[in-house]
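Computed from the coordinates by the stated procedures, all read-outs in this text should not be read as laboratory data. Quick caveat, the model's predicted, so the values are computed rather than measured. With ideal geometry, Cβ positions are generated from the backbone for all residues, glycine too; neighbour counts draw on all protein chains shown.
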Amino acid sequence: METKLNSLNIIDDLVINPQFNKSKIKKLLDELSQEAYAGPLSKYLFAAARFVREKSYGHNVFLRGLIEFTNYCKNDCYYCGIRCSNHKATRYRLSLEEILLSCKIGYKNNLRTFVLQGGEDMYFSDDKMIQIIKEIKNKYPECTITLSIGEKTKASYQKYFDAGADRYLLRHETANISHYQKLHPAKMDLNNRLNCLKILKDIGYQVGAGMMIGSPYQTFAASVHVHLPDVSNWQRLPEYRKSVRNLSAKAISLARAYPSATYLPYRYDNRFLSALRQW
Ligand code: SF4
C-alpha cells in the first residue's frame, strides 16, 4: 500500500515538478511493468495524462494536411517500408505543381497547416525545397508549414527556416542507444539525430520529436525515457508481443503526464493534485 502511495506521488511529481528524477522514474516503471493493463496505478497514470492533455488542449482536434511528397529514401531503417533496400516498394515523387494542388485542395477544406513529409531523398535539393516552401508561403501566408524530411545540416535547416518553414518533425524513435543500433544500420547515429533536434530548436523551429512504441527489442524503460541513455540495462518485458498494448498506453501516458518532457504549454501548481485526486 505504501509503495503504491509513493508511486502515486511520483506521478503527481512528474506533472508538477519539471525535474526528471531517474530513480523515481525507475521505481514507477518497475511497478507499472508488473501491474495489469487497468490496474489502479495505471488508471491513475491514465487519468493524469488525460488531465494534462485536457488542460493543455481542451477537447479540440487539430487537423494537418499531410503531403507525402516522396517515398524515396537513402536510409535503410530496418522497420521502414520505404527503406532503400526494399526493392518491392513502388517509388514516386510529387512535382511542385502536384504539391501546390494538394495545398489548394487542403486550403479549400479549411486546413491551415501543411506538412511536407518524405524520405531523405537527395533529389529534393535545398534549392528545390526552398522553392516549394516559398511558393506555399506566398500563396497561403497564414498557413503553417511543417517539414518532416529527416536529418540535414544546420545550414540546410537554417535555409528552410528563412524560406518560411515554421515547424520540423524529426522522430528519434528511441533514445536508448543500444536499442537504436538494433533498429538501424551502423552508419546511422542516434547522437546525430538528437543533435539535429537541438539545432532545429536553436534555430527557432517548433520541433516535434517522437518515440516508436512497440518496436522489436524495446524494453519498458527504453520506451519511456526520453533523454536518459545511461539507463539501458533494464529487463526486457516478458512475453513481449502480448505486452505491447500494455506498454503503449502506459508509455504514452507517462510521456504525456510529464509536461516538461512533452513541451506542453500549461504549467501546473498544487491545485492540480486536488483536482486530479477528485477526477
Ligand atoms: S529515414 Fe525515415 S523514411 Fe528513410 S528509411 Fe528511415 S524511417 Fe524510412
Subject >> Charge dipole magnitude, Cβ of K and R +1, D and E -1 - the stretch 13-108, Cα centre, debye nearest 20 >> reply: 140
Subject >> Lys, Arg +1 and Asp, Glu -1 on Cβ, resulting dipole of the stretch 6-62 about Cα centre, debye, nearest 20 >> reply: 120
**OP:** Can you put LYS43, LYS108 in order of Cβ neighbours within 10 angstrom, beginning with the fewest?
**Re:** LYS108, LYS43
Original post:
If you take the square roots of the eigenvalues of the alpha-carbon gyration tensor of the stretch 161-207 and sort them as a ≥ b ≥ c, do you get rounded (a/c under 1.5), prolate (a/b over b/c) or oblate?
Top reply: prolate
Original post:
ASP202 versus TYR123, label points 7 Å from Cα toward the beta carbon: distance in nm?
Top reply: 3.3
Original post:
How far apart, in nm, are the 7 Å Cα→Cβ label points at SER23 and TYR57?
Top reply: 3.5
Subject >> Set of aspartates and glutamates with alpha-carbon distance to LYS152 below 20 Å, sequence-local pairs under 8 removed >> reply: GLU68, ASP76, GLU120, ASP121, ASP126, ASP127, ASP162, ASP166, GLU173, ASP189, ASP202
Original post:
Can you work out the FRET efficiency for the pair ASN195 and ILE105, with r the C-beta to C-beta distance and R0 = 25 Å, to the nearest 0.05?
Top reply: 0.10
Subject >> Cα-centre dipole for the stretch 52-174 with unit charges at Cβ (Lys and Arg positive, Asp and Glu negative), debye to 20 >> reply: 220
Subject >> Rough spin-label spacing in nm, given labels placed 7 Å along Cα→Cβ, for GLU98 and ASN9 >> reply: 5.9
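Go ahead and run the numbers for FRET between GLU68 and ARG112, Cβ-Cβ distance against an R0 of 25 Å, rounding to 0.05.
My answer for the efficiency is 0.85.
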Original post:
Using the beta-carbon distance between SER156 and ASP30 and R0 = 45 Å, what value does 1/(1 + (r/R0)^6) give for FRET efficiency, to the nearest 0.05?
Top reply: 0.60
